[in-house]
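J.: Before I ask anything, let me first share the structure, which is written out below as structure tokens.
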Amino acid sequence: MLRGQPVSFPSLFCEGEAETTQVIPLDLRNQAMTLAWLCLDAGRACLWLGDTVPGRNRSRFGLVWLPDENVLLSGQPLDEAAVLGARRMIAQACAVIAQVPAEVRPLLSSKQAGVALFVPACAMEGPHIGHAIWDEMSPLDRALSEAGPDIPPPPLFRATSAGGSGLDLFGPVDELYPEFAGRITAVNSPAELLTSAVSAGVQLFPVQNRGARQASRRRIQAAVSALASASGLAAEADALVGGRPVIALGLRLMNRRPEDLAAFYRRLTVALVERLGSCVILVDGLNTAEDGKGVAAQIYSADSASRRKLGDGATELDRELGFVSDFAGFAANLPGPVTVVSCVGMGLRANLYWLSRASFFIAPLGAGLAKLRWALDVPGFVPTSRANLEFCPLADIYSNTDSMEPPFTPLYYTEVDEVEDVLPAPPRKPPSTPSRVPWPDNFRFIDEGRLIARICDLAVATVNARN
């Protein structure tokens with residue numbers, strides 16, 4: 001092991017005593033870590049895992065506390081800013097532990113109540129639909145599958161939506177996960193998490209896994225179907241659809257879209273109606289929260305270096321409502337007839353039910369695909385930029401077996417030679433190296449008529465195969 005420069009900070013349990021933290025590079029790149037802790041040996045040793053983001057660089061680290069020393073484990077070389085960021089994160093963890101009386105600390109693992117599972121909130125500033133499936137449901141379903149059906153799972157500790165969890169977006173968690181019913185403790189902060197665990201006399205065991213699992217899809221779809229049946233939405237949809245093909249169009253107005261999305265969708269719809277005849281067009285977009293206050297989940301955009309929070313969504317929601325109003329007016333004059341159903345501003349579960357009725361979708365690369373693919377597995381087509389096709393390894397995250405548990409329906413993309421990127425003004429240098437965050441560039445089609453014909457062929461073949 002290579003030892004870096006030591007840093008000092010107040011010891012965790014010894015008031016006034018200073019300890020030394022040794023920096024030891026380790027390969028933690030494949031560990032998806034958030035702030036968590038696991039206490040062992042009747043309080044004589046503790047392990048923390050955490051992320052710190054000094055400036056634009058994410059630095060993953062772990063802290064092992066022993067009676068005589070503290071050791072900082074780093075997944076990459078730590079510069080001064082990273083060390084300061086790590087120290088701040090450690091100080092926050094120490095402050096949480098400090099709220100537990102000294103005489104209680106040794107009891108963190110000495111009681112015999114056993115282990116409780118802890119699912120950290122997704123690594124966002126608030127609920128996020130895709131990350132709720134990817135970061136929260138995935139580890140729970142993996143833990144349940146490994147335990148087996150005959151072994152009752154341990155109690156569950158989880159963050160609430162106020163603490164950043166997105167599980168609540170899909171309905172009451174004890175209904176989504178009946179295996180844990182009556183044994184779920186929801187907390188809003190790390191301090192509340194720890195004190196609740198101490199009161200219950202359990203060791204917290206953080207469970208983590210990243211991916212979209214079939215079990216998660218089944219849970220979401222069962223919850224959505226139950227709501228639709230109980231509310232009358234299923235009967236309403238049956239009467240409106242009447243056996244006609246249902247096509248979903250996804251909105252993304254801020255970036256990563258065709259240069260003129262409205263014109264493209266209008267020409268595409270005309271072509272689809274010529275091939276399919278009378279049909280239902282669902283326009284998918286942002287969801288409102290159950291209380292009607294703002295959007296249901298956080299909205300994020302991206303540039304080449306970082307994600308940017310756009311706010312509570314009011315402005316973006318207004319733009320999408322205007323878009324669908326104009327589109328519905330256009331579609332009303334088409335032969336068919338064509339019925340437009342706006343999912344913009346719907347609650348998430350009602351929105352998911354309508355999308356589950358779709359035979360095929362067309363949607364730009366973005367979080368809306370988490371609904372269509374990870375939650376529902378609807379086949380479709382993703383128009384995206386040349387930069388994302390060539391330089392974003394996660395561009396196919398909704399259709400590769402490393403990210404989405406098979407089997408699943410086909411997903412098609414634009415080809416590199418079908419698109420030309422529209423660079424921002426002032427133009428930045430085109431990408432030349434891979435980026436995990438999708439590139440924000442809009443794009444135009446080199447031969448839109450030919451592309452629309454290809455999409456229509458795929459949509460018609462899928463509709464016919466399902467009938």
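J.: I want to confirm something. Restricting to the stretch 403-429 and keeping residues that are surrounded by fewer than 16 Cβ atoms within 10 Å (Cβ to Cβ) and in contact with a Phe, Trp or Tyr (Cβ under 9 Å, 6 or more places away or on another chain), which single residue is modelled with the lowest pLDDT?
T.: V422
J.: Would you check if R210 is closer than 26 Å to L372 by Cα, under 15 Å from the mean Cα position of the chain (by Cα), modelled with pLDDT under 90 and surrounded by fewer than 21 Cβ atoms within 10 Å (Cβ to Cβ)?
T.: In short, yes.
J.: From the set of residues in the stretch 232-251 that are without any contact (Cβ under 8 Å) to a residue 40 or more places away in the chain and part of a helix (DSSP H, G or I), which is nearest to N467 (Cα to Cα)?
T.: So, considering only residues that are without any contact (Cβ under 8 Å) to a residue 40 or more places away in the chain and part of a helix (DSSP H, G or I), the one nearest to N467 (Cα to Cα) is D238.
J.: Starting from residues that are of a type outside the set (S, T, N, Q) and in a strand (DSSP E or B), keep the ones in the stretch 339-355 and report whichever is farthest from the chain's Cα centre (by Cα).
T.: The residue in question is V340.
J.: Of the residues Q221, Q214, Q208, only one is closer than 21 Å to W134 by Cα, out of contact with any helix residue (DSSP H, G or I) (no Cβ under 8 Å at 6 or more places or on another chain) and among the polar types (S, T, N, Q); which?
T.: Going through Q221, Q214, Q208 in turn, just one is closer than 21 Å to W134 by Cα, out of contact with any helix residue (DSSP H, G or I) (no Cβ under 8 Å at 6 or more places or on another chain) and among the polar types (S, T, N, Q): Q214.
J.: Turning to a different aspect of this structure: Restricting attention to the stretch 188-203, does a residue exist that is over 30 Å from V460 (Cβ atoms), surrounded by 18 or more Cβ atoms within 10 Å (Cβ to Cβ) and free of Cβ contacts under 8 Å to residues at least 24 places away in the same chain?
T.: Yes, the stretch 188-203 contains at least one residue that is over 30 Å from V460 (Cβ atoms), surrounded by 18 or more Cβ atoms within 10 Å (Cβ to Cβ) and free of Cβ contacts under 8 Å to residues at least 24 places away in the same chain.
J.: Hey, another quick one. Residues in the stretch 430-467 that are modelled with pLDDT of 90 or more, of a type in the set (D, E, K, R) and more than 24 Å from P379 (Cβ to Cβ): how many?
T.: Number satisfying all stated conditions: 1.
J.: Of everything in the stretch 201-227, what is out of contact with any Lys or Arg (no Cβ under 8 Å at 6 or more places or on another chain) and assigned to a helix (DSSP H, G or I)? Give them in sequence order.
T.: Within the stretch 201-227, Q214, A215, S216, R217, R218, R219, I220, Q221, A222, S225, A226 meet the criteria.
J.: Right, something else. What strands (runs of 3 or more DSSP E) completely inside the stretch 102-200 contain at least 3 residues that are modelled with pLDDT of 80 or more and more than 24 Å from D402 (Cα to Cα)? It would help to see each step written out before you state the result.
T.: Numbers: elements: 115-119, 156-159, 184-187.
The strands (runs of 3 or more DSSP E) meeting that bar are 156-159, 184-187.
J.: If you scan the stretch 366-376, which residues turn out to be in a loop (DSSP other than H, G, I, E, B) and in contact with a helix residue (DSSP H, G or I) (Cβ under 6 Å, 6 or more places away or on another chain)?
T.: If the condition is that a residue be in a loop (DSSP other than H, G, I, E, B) and in contact with a helix residue (DSSP H, G or I) (Cβ under 6 Å, 6 or more places away or on another chain), then A367, L376 are the ones that fit.
J.: Which of the numbered conditions does P335 fail, given that it passes all the others? Conditions: (1) assigned to a loop (DSSP other than H, G, I, E, B); (2) over 19 Å from L227 (Cα atoms); (3) within 23 Å of the chain's Cα centre (by Cα); (4) not basic (K, R).
T.: (3)
J.: Could you say which residue among R266, R256, R252 is out of contact with any His (no Cβ under 7 Å at 6 or more places or on another chain), more than 19 Å from R357 (Cβ to Cβ), of a type outside the set (F, W, Y) and surrounded by fewer than 17 Cβ atoms within 10 Å (Cβ to Cβ)?
T.: R266
J.: Just one of (1) within 27 Å of E274 (Cα to Cα); (2) in contact with a Leu (Cβ under 7 Å, 6 or more places away or on another chain); (3) part of a helix (DSSP H, G or I) trips up A461, so point out which.
T.: It fails just one condition, (2).
J.: Cβ-Cβ below 7 Å, separation at least six or inter-chain, first residue in the stretch 449-467 and buried (at least 16 other Cβ atoms within 10 Å of the Cβ) and small (G, A, S), second modelled with pLDDT of 95 or more and in a helix (DSSP H, G or I): which pairs?
T.: So the pair list comes out as A459/L272.
J.: List the residue pairs whose Cβ atoms are under 6 Å apart, where the first residue sits in the stretch 328-339 and is touching a residue at least 60 places away in the same chain (Cβ under 8 Å), the second is of a type in the set (K, R) and surrounded by 15 or more Cβ atoms within 10 Å (Cβ to Cβ), and the two are 6 or more positions apart or on different chains.
T.: F330/R266
J.: Here is a check on your reading of the model: is G380 loosely packed, with under 12 Cβ neighbours inside 10 Å, modelled with pLDDT of 95 or more and of a type outside the set (D, E)?
T.: Here the answer is no, as G380 does not meet what is asked.
The values are calculated or read from the model by the stated rules, or taken from the named source; none is laboratory data. Just so we're clear, the structure is a prediction, and the values are computed from it rather than from any experiment. Cβ coordinates were reconstructed from backbone atoms using ideal geometry, including for glycine residues, and neighbour counts include every protein chain displayed.
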